[in-house]
Amino acid sequence: MIAPTKPTNEAERLAALESYNILDSLPEEDYDGITRIAAQICDVPIALISLIDKDRQWFKSRHGLDVTEAPREISFCGHAISEEQNALMIEDARKDERFYDNPLVVNAPNVVFYGGVPLKTDNGLPLGTLCVIDSKPRVLSDGQKNALDALSRQVINLLTLRKRNVELNDLVGKLEDKNVDLEQFAYVAAHDIKSPLSNIASLADIFLAENRNKLEQDGVHLIELILKSTEHLYKFLDRLMEYSTKIDQLENSKEDLSFAEFKDSIDVYYSSNATLELTFITALERLRINHIIVSQILTNLINNAEKYNDKAIAQVDVAISETPTHYKFSVSDNGPGIRADFHEKIFNIFVKLSKQDKHGVEGSGLGLAIVKKLVKRLGGDIEVKSKPNEGAVFSFTILK
């Protein structure tokens, strides 16, 4: 037996293999499907996706073989990745000086025929092989060889896709960690600012009460402007703290309630609003939802539909439907609509469509960001469909 030699770029090859984070991973149907097809096309009992580690060959997929790995020093695949040609074809290993006394030939699985195509990266580094094996002599046709070569490229595509998914998941994890840090900072900063801001407002209020008659009108106006600005900033900090709290840690407890009960719990906020016509549309008689969170989402959307409406009467419809897995809520209005280039942006933190609502109150740019965060907490998603001057429809789903 002649042991396989190691490629001259062995260190680089092993580093490339390690970067895929594939060794000792669980079986995956995508890879198993390829070995099944390879065995069927080549009419052999065994097909393997073999990855060559430092001292072993490990099988990511194995069709017709029970073992998961074998020593590299007796591997056929070790020879295949060292060959200069694109494939290693051994018609009868018993007649080949490299393999005739190989344990894999004289003992189970009694390899006689071996056909292996290297699995090469874009840089030409061989990670292992896609190989087919039989216990009797065999010659593959050109069509079978071409098919084996095509399947080997699919293995590389799968490995590359898997690697990119792992890298993407790692990146998402890092971004989520940074986002948590930023939210914690925002909460602490907002909390620390509120105390001196409250003191400023109190001092200004006391000063104005004691000196209103002594000040000229411009002076009174300036103090009132300070009070108004501090009040607005205080509300903004409240909203920022609300966004920065651990919404993901909110208890997702569900209540079973009738639609009538749910409707009444929303209507109570708007019963005295003469500029709003609120209509609920649904065929559902009961809901099983997180009542508190869903109510917060809906009231935020309804409030926006009323506050930023350009009509004398804001007409807002809330439609509720269900699928086997989700509830769907849609809030539509007869307002001025939203430009298409803002449909995604408006759910980002600090994004505002207009400086003030129709009541002259400046928004914080946090409301819809909070809504999206709450919807995600309930396992759903949210979108808006709108055209200028045709109103807007905000639709969100939540898991049942």
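Structural remarks
- Candidates Asp53, Asp43, Asp32, Asp66, filtered to the one that is over 41 Å from the mean Cα position of the chain (by Cα) and of a type in the set (Asp, Glu): Asp43
- Flag if Ile22 is β-branched (Val, Ile, Thr) and outside the structural domain of Asn146 (by TED's automatic domain parsing): no
- Residues in the stretch 291-318 that are within 21 Å of Asp256 (Cβ to Cβ) and modelled with pLDDT of 90 or more: Val294, Ile297, Leu298, Val318.
- The condition of being under 24 Å from Gly124 (Cα atoms) and out of contact with any helix residue (DSSP H, G or I) (no Cβ under 8 Å at 6 or more places or on another chain) holds for only one of Glu97, Glu84, that being Glu84.
- Filter result (surrounded by fewer than 17 Cβ atoms within 10 Å (Cβ to Cβ) and either in contact with a strand residue (DSSP E or B) (Cβ under 8 Å, 6 or more places away or on another chain) or not β-branched (Val, Ile, Thr) (or both)) within the stretch 1-15: Met1, Ala3, Lys6, Asn9, Glu10, Ala11, Glu12, Ala15
- Condition met for Ile266 (at pLDDT 85 or above and either of a type in the set (A, V, I, L, M) or in the same structural domain as Arg212 (by TED's automatic domain parsing) (or both)): yes
- Options Ala87, Ala150: the member that is under 21 Å from Arg36 (Cβ atoms), surrounded by fewer than 22 Cβ atoms within 10 Å (Cβ to Cβ) and touching a Lys or Arg at 6+ places or on another chain (Cβ under 7 Å): Ala87
- Close pairs from the stretch 253-270: first assigned to a helix (DSSP H, G or I), partner of a type in the set (Phe, Trp, Tyr), Cβ under 6 Å, at least 6 apart: Lys263/Phe280
- Any hit, the stretch 315-330, residues being among the hydrophobic types (A, V, I, L, M, F, W, C), outside any strand (DSSP E or B) and either more than 26 Å from the chain's Cα centre (by Cα) or not assigned by TED's automatic domain parsing to the domain that holds Lys373 (or both): no
- Residue that is of a type outside the set (Lys, Arg) and assigned to a loop (DSSP other than H, G, I, E, B), where the choices are Glu97, Glu73: Glu97
- The number of residues in the stretch 103-119 that are surrounded by fewer than 21 Cβ atoms within 10 Å (Cβ to Cβ) and either at pLDDT below 95 or out of contact with any Pro (no Cβ under 8 Å at 6 or more places or on another chain) (or both) comes to 7.
- Of all residues in the stretch 295-308, those satisfying the criterion of being within 15 Å of Val268 (Cα to Cα) and either out of contact with any Ser or Thr (no Cβ under 9 Å at 6 or more places or on another chain) or outside the structural domain of Gly379 (by TED's automatic domain parsing) (or both) are Gln296, Leu298, Thr299, Asn300, Ile302, Asn303.
Residue by residue, here is whether (1) in contact with a Phe, Trp or Tyr (Cβ under 8 Å, 6 or more places away or on another chain); (2) assigned by TED's automatic domain parsing to the domain that holds Asn157; (3) more than 23 Å from Asp142 (Cα to Cα) holds:
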| site | (1), (2), (3) |
| --- | --- |
| Met1 | yes, no, yes |
| Ala15 | no, yes, yes |
| Tyr31 | no, yes, yes |
| Ile46 | no, yes, no |
| Phe59 | no, yes, yes |
| Arg72 | no, yes, yes |
| Leu88 | yes, yes, no |
| Asn110 | no, yes, yes |
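- Going through (1) at pLDDT 90 or above; (2) within 17 Å of Glu390 (Cα to Cα) one by one, Leu276 falls short only on (2).
- Residue that is modelled with the highest pLDDT [pool: residues in the stretch 20-77 that are loosely packed, with under 14 Cβ neighbours inside 10 Å and hydroxyl-bearing (Ser, Thr, Tyr)]: Thr68
The values are calculated or read from the model by the stated rules, or taken from the named source; none is laboratory data. All values derive from a computational prediction rather than experimental measurement. Reconstructed Cβ throughout: ideal geometry from the backbone, glycine too, with neighbour counts over all protein chains shown.
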